[in-house]
1. Only residues that are within 17 Å of residue 70 (Cα to Cα) and touching a strand residue (DSSP E or B) at 6+ places or on another chain (Cβ under 9 Å): list them for segment 22-44, please.
2. Counting only residues that are under 11 Å from residue 10 (Cα atoms) and free of Cβ contacts under 8 Å to residues at least 24 places away in the same chain, how many does segment 38-51 have?
């Protein structure tokens, strides 16, 4: 999955207009516990279940970490 697609999925899941690679749960008000679940669900749907098999994905709270974890699937 490429970086731009991952960013788009996160942006849609959080219902925000713009996301930068440096964003995180600390910088985005919408990225609360419900936002985290929305991101994980959207990524899992987009990857047809592959994202849920990535160890530690649920504990990743930065766009960079998520991109790094998903780049090779």
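Every number here is computed from the coordinates shown, using simple stated rules; none is lab data. These figures come from a predicted structure and were not determined experimentally. With ideal geometry, Cβ positions are generated from the backbone for all residues, glycine too; neighbour counts draw on all protein chains shown.
1. 22, 23, 24
2. Of the residues in segment 38-51, 1 are under 11 Å from residue 10 (Cα atoms) and free of Cβ contacts under 8 Å to residues at least 24 places away in the same chain.
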